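The values are calculated or read from the model by the stated rules, or taken from the named source; none is laboratory data. Please read these numbers as outputs of a predicted model, since none were measured by experiment. Positions of Cβ are generated from backbone atoms using ideal geometry, with glycine treated the same way; all protein chains shown enter the neighbour counts.
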Amino acid sequence: MSEPAAVQREPSGEVLLELTDVVKHFPIRSGSLLRRDAGSVKAVDGVSLTVRSGETLGLVGETGCGKSTLARCITRLYDLTAGKVVFEGQDITKLSARAMRPVRSKVQMIFQDPYGSLNPRRRVGSIIGDPFAIHRIASGDDRKRRVQELMEMVGLNPEHYNRFPAEFSGGQRQRIGVARALALRPKLIVCDEPVSALDVSIQAQVINLLADLQSELGLTYIFIAHDLSVVRHVSDRVAVMYLGKVVELSPSERLYHHPRHPYTNALLSAVPVPDPDLSDSRERLILAGDVPSPTNPPTGCRFHPRCPKARPNCVEDDPSLTARLDDEPSHQTACHYPVVDGEDLTAARPQLPSSQRAEDLVATRSTEGSETS
């Protein structure tokens with residue numbers, strides 16, 4: 001895959017989107033006839049973020065950390081359990097479907113699956129033209145003209161207006177999704193892992209298309225992904241999520257050069273290195289054990305059961321997201337014992353009482369390709 005262009009832009013400064021203590025829990029119903037509540041899945045549990053006009057905020061983390069749920073809370077596809085979402089100074093948290101309609105023209109979403117997000121029984125022209133019909137902006141020949149302009153903008157042949165999604169490749173289907181999101185000229189686009197389902201050979205093409213559209217149309221992106229190498233190229237800032245919470249928030253390049261949270265260090269150590277010699281020689285931070293269940297998350301810092309630097313107070317005290325060490329206010333970390341530049345986490349051992357210590361607390365020293373304990 002050719003390397004996508006890495007463009008660092010300066011946001012214009014105006015706050016476009018503000019999330020305050022956003023919480024989304026999904027209730028679990030028992031299988032009995034009474035259908036009693038049996039707890040809840042704490043998918044997003046107190047996320048506060050600010051997105052400025054013209055920037056790209058990357059959102060990364062393991063599968064199941066709450067990235068996609070947060071995206072659907074932002075776009076109000078999910079109602080919030082608690083917290084607040086403010087877009088352009090307007091609180092949209094509890095707006096009705098009718099009141100949300102004008103907002104939806106400004107906030108759009110590109111979905112992860114280019115196959116499942118398009119109706120296979122409808123023609124591409126109708127799919128892309130849906131926003132014009134729903135908002136009663138254009139009809140007839142005018143709608144067709146606008147749809148074909150959008151297809152050309154995203155690199156599709158306008159003459160394929162009447163084809164079905166099955167007649168397009170995966171990359172072309174994702175371009176159809178991009179065209180649909182652009183139809184109403186939104187200000188904010190939430191990209192939910194837009195390239196993860198695509199072949200590696202065409203991922204860079206879609207990423208570069210999104211970058212070009214941002215420069216041309218002045219778009220603001222929230223870019224969700226689990227591939228940190230992709231996020232580095234497209235994002236101005238990066239928020240790292242773990243088990244429903246943001247554990248580190250930083251300007252992109254600073255995060256990659258000065259990661260503070262042990263979890264961020266573990267994620268970065270897993271990024272593939274194209275140089276075989278460097279890949280064989282580098283040491284990776286291997287976190288044993290699985291992510292705890294979101295139905296019953298750990299007390300205190302949620303990462304402490306897997307953290308190589310865990311201390312007794314990590315079990316009880318949930319650290320706040322704030323600047324640590326001598327970092328700028330723009331670089332915030334939720335960790336009592338942030339990682340110092342040059343610190344070797346593979347040699348660290350958690351210092352918890354024996355009653356709290358478990359096998360999955362130990363991060364072992366390993367080189368890529370070697371056996372792990």
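For region 302-345, filtered to residues that are touching a residue at least 60 places away in the same chain (Cβ under 8 Å) and of a type in the set (G, A, S), the residue that is surrounded by the most Cβ atoms within 10 Å (Cβ to Cβ) is A334.
One residue alone among D236, D227 is over 13 Å from the mean Cα position of the chain (by Cα) and over 20 Å from P319 (Cβ atoms), and that residue is D236.
Apart from one condition, A138 fits all of (1) small (G, A, S); (2) out of contact with any helix residue (DSSP H, G or I) (no Cβ under 7 Å at 6 or more places or on another chain); (3) more than 30 Å from R232 (Cβ to Cβ); (4) not in a strand (DSSP E or B); the exception is (2).
Going through region 82-103 one residue at a time, which ones are surrounded by 15 or more Cβ atoms within 10 Å (Cβ to Cβ), in contact (Cβ under 8 Å) with a residue 24 or more places away in the chain and touching a helix residue (DSSP H, G or I) at 6+ places or on another chain (Cβ under 9 Å)? Within region 82-103, G83, V85, F87, E88 meet the criteria. Flag not set for P297, criterion: buried (at least 20 other Cβ atoms within 10 Å of the Cβ), in a loop (DSSP other than H, G, I, E, B) and touching a residue at least 12 places away in the same chain (Cβ under 8 Å). Checked against (1) part of a helix (DSSP H, G or I); (2) buried (at least 19 other Cβ atoms within 10 Å of the Cβ); (3) not small (G, A, S), L156 passes all but a single condition, namely (1). Considering only region 67-94, state which residues are among the polar types (S, T, N, Q) and farther than 22 Å from E14 by Cβ. Passing the criteria: S68, T69, T81. If the condition is being among the small types (G, A, S), over 19 Å from Q332 (Cα atoms) and surrounded by fewer than 20 Cβ atoms within 10 Å (Cβ to Cβ), then region 36-67 contributes A38, G39, S40, S53, G64. Yes or no: region 213-235 includes at least one residue that is modelled with pLDDT of 90 or more and among the charged types (D, E, K, R). Yes, region 213-235 contains a residue that is modelled with pLDDT of 90 or more and among the charged types (D, E, K, R). Quick check on my filter: what residues within region 158-193 are charged (D, E, K, R) and on the phi < 0 side of the Ramachandran plot? Within region 158-193, E159, R163, E167, R173, R175, R180, K187, D192 qualify.
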